[in-house]
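So the structure is just underneath, and the comments pick up after that.
The values are calculated or read from the model by the stated rules, or taken from the named source; none is laboratory data. A quick note: this is a predicted structure, and the numbers were derived from the prediction, not measured. In case anyone asks, the SASA skips ligands and DNA or RNA and just uses the protein heavy atoms, side chains included. Shrake-Rupley method; radii C 1.70, N 1.55, O 1.52, S 1.80 Å.
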Amino acid sequence: MEQNASRHAVVHYAEIGLKGRNRPFFERTLVRNIARRMERWGLERVERLSGRMLVYTDRPLEEPVWREALSTVFGIAHFAPAHLVKPKMENIRLVLLGRLPPGPVDSFRIRATRDDKSFPLTSPEIERELGAAVQERTGWPVRLRGADLVIGIEVLRDRAIISFGRLPGPGGLPVGASGRVGLLLSGGIDSPVAGFLALKRGCRVIPIHFHSRPFGNWMGSEARARAIVRAMQVYGMEPYLYTVPIGRQQREITVRAPVAYRVILYRRLMIRVAEALTRRERGKALFTGESLGQVASQTLESLAVVEEAARMPVLRPLIGMDKKEITALAERIGTFELSQMEGDDCCQFLMPSRVVTRPLLKEVQEAEAETEMDRLVREALARADRVNAVSLG
Ligand code: ATP
Ligand code: MG
């Protein structure tokens, strides 16, 4: 395989091709994200070409390395390790035949595109000529649909790009293209998946975690949230985490508010604090891992009453997903295991046995009036800490 290690990859992007006058902005954002991700693999530069990008590294990289590096960068539709040659048929043929993978290959096809219309052959002619050369050399059968190996030939004005097989990117929009949001990150299975989907739509995601300090296993809870933020670095999550101890505030709510409304009031407290932190970072919306009807606190009535405490939009990308689908996605993005780490859920230890499923806003507001909510929010905010999630263990 060594002969196929490559110092270049060609990147094709997804929807950002459609964004009209915003396109340069989207492209710059994608370039920056690729550069950041590729830094540790000896990135030299990322070049923007029409409709595609070329990544240059200072050393040849094997395909699995390219795959690890680029398959998590949102905005990429597909990509492939590539070789660059002069845009002449003779050079293309030589490098192509010299770099053919060892096989076995059940079938192959050449897919040629020609940006430079002054090139002497049309795309179908390039495909036929190079296809015949590869077949003669290897004996591999040609198959136009569903070929085992697709060899890409992209002829530009000053060079041609040769690639073997295309690898899928994660799609979506480059992180940073859609602005900033706060993510309420509990450490459960759901909220990391919500964060993943926010990143996928181009949001910069600022994770915010509430824990029960000084009560319960708050350290486990915080460590778990940090581990999740670390694991999500590959998707472009911010490298830090807001942690907010709300154990004392929860205890006050427990003492002063009717049992049935506790959870709603904890939630309204969290939403207010998260909104204040998000606004501080110039964020414009909150994301949560709530789905509809999953637990008592996720009825339409509860969602509405909690959301009433916020002024920013509260976005819930999991709203229409089943637990099974959410779990499968959590496994795929690598956070499921981490959510199993030990640590209290911060509402858990004060969880009442009775919860209203159809809260009335008026009653909630009356209950809240007994709790001096504004002071609780101020106190919690004063203790919010911004921790570096990447370097701390
Ligand atoms: P998750 O698996 O994300 O914890 P869940 O199904 O357990 O979700 P809840 O515990 O009811 O549901 O929480 C709903 C949402 O509220 C979470 O997805 C998260 O966005 C937010 N949330 C709950 N607890 C916390 C916390 N301790 N810190 C930050 N956000 C929280
Ligand atoms: Mg939870």
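Over 24 Å apart at the Cα level, from the set Lys324/Lys362; Lys117/Lys200; Lys284/Lys362; Lys200/Lys324, are Lys324/Lys362; Lys117/Lys200; Lys284/Lys362. Met237 contributes about 10 Å² of solvent-accessible surface, heavy atoms of the protein only, 1.4 Å probe.
Taken per residue, the accessible surface of segment 170-327 reaches 34 Å², heavy atoms only and a 1.4 Å probe.
Pairs of Cα atoms nearer than 8 Å and 6+ residues apart set the relative contact order; for the chain it is 16 percent.
Highest mobility in the GNM of the chain, judged by mean-square fluctuation with C-alpha springs under 10 Å and restricted to Pro24, Pro174, Pro102, is found for Pro102.
Phi angles across segment 271-288 convert, under the Karplus curve 6.51 cos²θ - 1.76 cosθ + 1.60 with θ = phi - 60°, into 3J(HN,Hα) values of 4, 5, 5, 4, 5, 4, 5, 5, 5, 3, 9, 6, x, 10, 7, 10, 10, 10 Hz, Gly and Pro given as x. Using heavy atoms of the protein chains and a probe of 1.4 Å, the accessible area assigned to Trp218 is about 40 Å². Note on segment 166-306: with neighbouring protein chains present and a 1.4 Å probe, carbon and sulfur make up 55 percent of its accessible heavy-atom surface.
Strictly greater than 28 Å: what percent of every Cα pair in the chain meets that?
Details: 41687 of 77028 pairs.
When every Cα pair of the chain is considered, 54 percent fall beyond 28 Å.
Mean separation of Cα pairs under 8 Å and 6 or more residues apart, divided by the residue count, gives segment 6-168 a relative contact order of 26 percent. Shown are Asp345, Asp190, whose ranking by accessible area with a 1.4 Å probe and every protein chain present, most to least, is Asp345, Asp190.
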